[in-house]
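Enquirer: Take a look at the following structure, please.
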Amino acid sequence: MKVMMALLMLPLLSCGQERASYQVGCDGVPGSFLIHVDDVLNDSTDLFQGAYPPATPLTCELLVMLEEELKDDSARYCFDLLARKHWMTDPHAWVTHAYIERHHNFPLAMAATAHWNEDHRIRGLRELQEYRRIRPMVCATKEHYARLETQDHAAVRYLITVLETTPMFISGSENATIHQTYLRTVMETLDLFTGQQHMIGQDRLVGIHRSEEAIQQAVIDWHGWLDE
């Protein structure tokens, strides 16, 4: 019932949402850390003046992983470079994304998918895809593989929530095209993580072009992969 109620809301969502806040509390994560994440991943200056829907906030399980990762000085430095205050000197956050790609860093890639700028969200999703594609080459202990599977499930849960809380289409030309690319990349990432093929086809380079019913069925299937 919970899944179906969320699906029914998909075509009804609009862009008039308030920006997400991390300052509402999360078990296992200090409040000071949540404030810091809020400052980095949200843009209090509204640079694009509401051109894009706000990012869906990271879930608590992802925030716990991010907090642990940011105990590393290099990871924390690269995360902080995603903040709005660095936009004028490095809007593409080259150092951050190079670090993510070099280390296949799951927590930082997930953070990028929740960035206030949709270009960073798209790049973070593509980094997540690469992280998942190299899985057959990973040689690790049983415990390590269990951790990887935990990360996979956390990513799928979050990306499903993104689809359930983000409007499928927005007005405009360039903005609408970027937004469609973003949502298509979310769906492609879900397919990759779950081993499904809802978004494979000739339309993958030009837009979503899927009926509401097809998208809703895909969400049901992705929920089914979680088996929750």
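What follows draws every value from the coordinates through simple rules; no lab data is involved. It should be emphasised that the depicted structure is a prediction, and the values quoted were computed from it without experimental measurement. Positions of Cβ are generated from backbone atoms using ideal geometry, with glycine treated the same way; all protein chains shown enter the neighbour counts.
Enquirer: What length, rounded to one decimal in nm, is gained on full extension from Glu213 through to Asp90, with 0.36 nm per residue of separation minus their alpha-carbon distance?
Expert: Extra length available between Glu213 and Asp90 comes to 40.2 nm.
Enquirer: Here's another thing I want to ask about it. I'm a student and want to see the number: the projected area of the Cα convex hull of the chain, averaged over all directions, in nm².
Expert: With the hull built on Cα positions only, its mean projection is 12.9 nm².
Enquirer: If we sort 55-61, 94-100, 112-118 on the protection proxy, mean other Cβ atoms within 10 Å, highest first, what's the order?
Expert: Descending packing order for the listed peptides: 112-118, 55-61, 94-100.
Enquirer: Moving on to the next point. Under unit Cβ charges (Lys, Arg +1; Asp, Glu -1), what dipole magnitude, rounded to 20 debye, does the chain have relative to its Cα centre?
Expert: The calculated dipole for the chain is roughly 340 debye.
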